[in-house]
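Asks: Can you read through this structure? Questions will come right after.
The values are calculated or read from the model by the stated rules, or taken from the named source; none is laboratory data. Not measured: the values here are computed from a predicted model. Note that we place each Cβ from the backbone using ideal geometry, even for glycine, and neighbour counts take in every protein chain shown. Please note that ligands, DNA and RNA were not included when accessible areas were found on the heavy atoms of the full protein model with its side chains. Shrake-Rupley method; radii C 1.70, N 1.55, O 1.52, S 1.80 Å.
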Amino acid sequence: MFRSITQRIIKNNCKQSVSPFSIAKPTSLINNRISYTTNTNENDKNEEIKDHRAKGKGRELLLSFDKSGLAQFPKQVFKNRKYQITDFEKYLQDITKVRGPMSIDMFIKEVLTNPKYGYYMNKDVFGKGGDFITAPEISQLFGEMIGIWCVATWEAMGKPKKLQIVEMGPGRGTLMKDILRSTKVFKEFYSSISIHLVEASPTNKKTQKNNLLYFKDKAINFDNKTIGETPNGIKVTWVNKLEEVPTDVPTLFLAQEFFDALPIHVFRFSKEKNDWCEVLVDEDITEHGEYYLRFVQSKGPTLMTTAVKHLLPEFGLDGYQVELGLAGLAISQQIANRIDKSGGAALIIDYGYDKIVKSSLQAIRDHQFVDILDKPGTADLSVWVDFQTIRKTVKLLKNKSTAIGPVDQGIFLKEMGIEHRLAQIGRKLETNEKFEELIMGYKKLVDPKEMGTTYKVITICDKNIPPIGFSTAKTYDDEDLMI
């Protein structure tokens with residue numbers, strides 16, 4: 001079915017338009033605190049990946065395990081730091097002084113979405129001029145293949161008269177722009193759709209409006225206007241969170257490099273406590289600290305540790321670490337429940353593993369990996385996505401929805417017809433420079449040495465809909481029996 005859709009697009013639409021950290025053995029004792037250095041996670045095998053957030057090797061990270069208590073009034077403040085403290089770091093220190101050490105979940109939320117200092121809130125961070133490049137910015141081929149998936153899935157749903165397309169974390173709006181451009185040849189599909197963009201950043205909203213809306217649309221010049229129309233009359237609505245999107249309409253959900261930016265909690269097994277503790281962020285009052293914040297381990301189980309204990313291994317080696325993206329799991333179940341109610345499907349594309357992730361929190365600034373605690377708010381924070389737990393979490397609902405995958409991004413794009421589209425565009429290019437640029441973009445998206453295997457795709461869909469693009473997905477019979 002989607003092969004015919006690819007052929008129709010080829011015929012009618014030829015316009016081209018850190019690092020993971022793992023804890024090593026204790027190296028020294030400082031003021032009744034055990035200090036740990038970090039090394040590269042064994043899972044990090046993508047040495048030559050360039051430009052995007054799944055590249056790079058590990059940076060050294062110091063974690064302090066507080067044996068004497070959590071928040072403490074500093075006896076002295078040491079000034080031998082790498083740089084002068086920023087206003088944001090003062091703000092974060094004040095939080096820890098009043099409330100005690102904060103969870104990594106809260107730290108990530110503050111760093112990325114604080115209204116005044118948040119990384120995503122006040123600048124354009126995408127593309128060559130930003131800190132990293134995402135797949136839609138690399139080549140138009142990516143967005144066109146997602147457009148094919150949307151049309152093919154809509155057809156598999158029985159061609160509903162009304163269809164919402166919801167993109168979470170739409171960046172500059174490039175993916176949605178390519179989807180709308182490449183699918184307008186499907187008149188019936190085009191007349192059925194409306195767009196909802198889930199975006200927290202005022203800066204990103206302005207960029208998306210300029211890229212998507214008719215240039216005379218009033219919403220472009222007014223931040224408080226959240227509804228506009230594209231040049232072809234497609235309604236676009238901006239919302240701050242998924243809960244604001246209507247639930248009574250069949251919906252296609254798109255999350256491309258969205259889940260990696262969601263907050264996580266980090267838990268560590270303590271042999272001394274014979275239980276799981278939580279890794280927290282506290283102000284750094286030690287003499288040897290390079291930054292103004294530090295990672296500490298809680299004295300024992302926190303309230304969150306107790307609440308999610310059923311998701312953690314029953315026991316582990318001393319220092320064994322697990323990341324849990326509870327925010328992502330909640331959104332996955334929310335999407336699944338919406339699909340159960342009104343029909344639809346979701347596509348989640350990100351870098352990650354089909355297993356529990358131990359340590360992957362990383363920071364990137366100016367296309368380079370930096371220390372997580374180096375000038376918070378000036379670097380992107382992200383994690384590798386745990387696709388296995390997403391799949392299990394959706395299946396645990398035991399409703400009409402299910403999760404299938406993940407499959408490698410390169411395999412998914414090839415199944416959607418990217419090679420056919422590449423050949424069609426390539427035959428029409430007039431210069432070698434443009435042809436080479438097209439080929440380089442294609443290779444970056446599908447090559448196993450680039451994004452082809454590091455990035456993976458999982459779908460959440462109605463059990464009655466054949467999953468489009470997932471013919472190579474594994475089956476998990478033993479997992480299903482256990483659920």
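Asks: Under the classification rounded if a/c is under 1.5, otherwise prolate if a/b is larger than b/c and oblate if not, where does the stretch 354-424 fall, given a ≥ b ≥ c as square roots of the Cα gyration tensor eigenvalues?
Replies: Values: a/c = 3.20, a/b = 1.26, b/c = 2.53.
The shape class here is oblate.
Asks: Taking N as the number of residues in the stretch 276-365, what is its Cα Rg relative to 2.2 N^0.38 Å? Before the final figure, lay out the partial values.
Replies: Working: Rg = 17.4 Å, N = 90, 2.2 N^0.38 = 12.2 Å.
This ratio for the stretch 276-365 stands at 1.43.
Asks: Another question, then. Quick query: amide H of Gly352 versus all other amide H atoms, modeled in the peptide plane; which residues come in under 5 Å with a sequence gap of 5 or more or a different chain?
Replies: Distant-sequence amide H within range of Gly352: Val385, Lys456.
Asks: Amide H to amide H, which residues 5 or more places from Thr134 or on other chains are under 5 Å from it, using H placed in the peptide plane?
Replies: Gly127
Asks: ³J(HN,Hα) across the stretch 188-193 via Karplus (A = 6.51, B = -1.76, C = 1.60, θ = phi - 60°), whole Hz, x for Gly/Pro?
Replies: Coupling constants for the stretch 188-193: 5, 4, 5, 6, 8, 8 Hz.
Asks: With a probe of 1.4 Å, find how much accessible area the stretch 309-446 has per residue, and write the answer as a whole number in Å².
Replies: Ligands and nucleic acids excluded, the figure is 40 Å² per residue.
Asks: If you don't mind, another one. Please report, as a whole percent, how much of the solvent-accessible surface of the stretch 341-440 comes from carbon and sulfur atoms (probe radius 1.4 Å).
Replies: Details: 1940 of 3820 Å².
Ligands and nucleic acids excluded, carbon and sulfur reach 51 percent.
Asks: What accessible area per residue, rounded to a whole number of Å², is obtained for the stretch 187-249 using a probe radius of 1.4 Å? Provide the component values of the computation, followed by the final result.
Replies: Working: 3410 Å² over 63 residues.
Per-residue value: 54 Å².
Asks: Please name which of Asn221, Gln140, Thr247 has its Cα lying farthest along the dipole of the stretch 132-257 towards the positive end, using unit charges on Cβ (Lys, Arg +1; Asp, Glu -1) and the Cα centre as origin.
Replies: Of the listed residues, the answer is Asn221.
Asks: Here's another thing I want to ask about it. Could you go through the stretch 203-219 in sequence order and give the Karplus-derived ³J(HN,Hα) for each residue, using 6.51 cos²θ - 1.76 cosθ + 1.60 with θ = phi - 60°, rounded to whole Hz, and x for Gly and Pro?
Replies: 5, 5, 4, 4, 5, 4, 4, 5, 7, 10, 8, 4, 5, 9, 5, 5, 5
Asks: Over the heavy atoms of Ser194, what accessible area does a 1.4 Å probe trace out, to the nearest 10 Å²?
Replies: Spelled out: Ser194, probe radius 1.4 Å, area about 30 Å².
Asks: Okay, next question. At what distance in angstrom do the alpha carbon centres of the stretch 428-483 and the stretch 326-361 lie from each other?
Replies: Their Cα centres are 16 Å away from one another.
Asks: What value in Å³ per residue do you get for the convex hull of the alpha-carbon atoms in the stretch 131-290?
Replies: 197
Asks: Here's another thing I want to ask about it. Ordering Arg81, Arg268, Arg99 by accessible area with a probe of 1.4 Å, largest first, what comes out? List each step's numbers first, then the result.
Replies: Values: Arg81 30, Arg268 0, Arg99 175 Å².
Largest to smallest exposure gives the sequence Arg99, Arg81, Arg268.
Asks: Along the charge dipole of the stretch 194-307, pointing to its positive end and built from +1/-1 on Cβ of Lys, Arg, Asp and Glu, which listed residue (Phe269, Thr237, Asn204) has its Cα farthest out?
Replies: Farthest along the dipole direction, towards plus: Thr237.
Asks: Say each of Lys400 and Lys216 gets a label point 7 Å from the Cα, pointing the same way as Cα to Cβ; how far apart are those two points in nm?
Replies: 4.3
Asks: Explain nothing, just the number: dipole magnitude of the stretch 343-395 about its Cα centre with +1 on each Lys and Arg Cβ and -1 on each Asp and Glu Cβ, in debye rounded to the nearest 20. Working shown, then result.
Replies: Details: 7 positive and 7 negative charges, 73 e Å.
The calculated dipole for the stretch 343-395 is roughly 340 debye.
Asks: If I ignore ligands, DNA and RNA and count only protein heavy atoms, how much of Phe142 is accessible to a 1.4 Å probe, in Å² to the nearest 10?
Replies: About 0 Å², rounded to the nearest 10.
Asks: Let me ask another. Can you list the HN-Hα couplings for the stretch 282-296, worked out from phi with the Karplus curve (6.51, -1.76, 1.60; θ = phi - 60°), rounded to whole Hz and with x for Gly and Pro?
Replies: 10, 5, 9, 10, 7, 5, 9, x, 8, 10, 9, 10, 8, 8, 10
Asks: Near the amide H of Lys375, under 5 Å away, which other amide H atoms are found, from residues 5 or more places off or on another chain, if H is placed in the peptide plane?
Replies: none
Asks: Over 24 Å between C-alpha atoms is what I'm after, so list which of Lys398/Lys474; Lys116/Lys209; Lys187/Lys341; Lys205/Lys444 land there. Before the final figure, lay out the partial values.
Replies: On the way: Lys398/Lys474 20 Å; Lys116/Lys209 22 Å; Lys187/Lys341 27 Å; Lys205/Lys444 27 Å.
Too far apart for the 24 Å limit: Lys187/Lys341; Lys205/Lys444.
Asks: With +1 on the Cβ of every Lys and Arg and -1 on the Cβ of every Asp and Glu, and nothing else charged, how large is the dipole of the stretch 366-483 about its Cα centre, in debye rounded to the nearest 20? Please report the intermediate quantities before stating the final value.
Replies: On the way: 17 positive and 19 negative charges, 111 e Å.
In total the dipole reaches around 540 debye.
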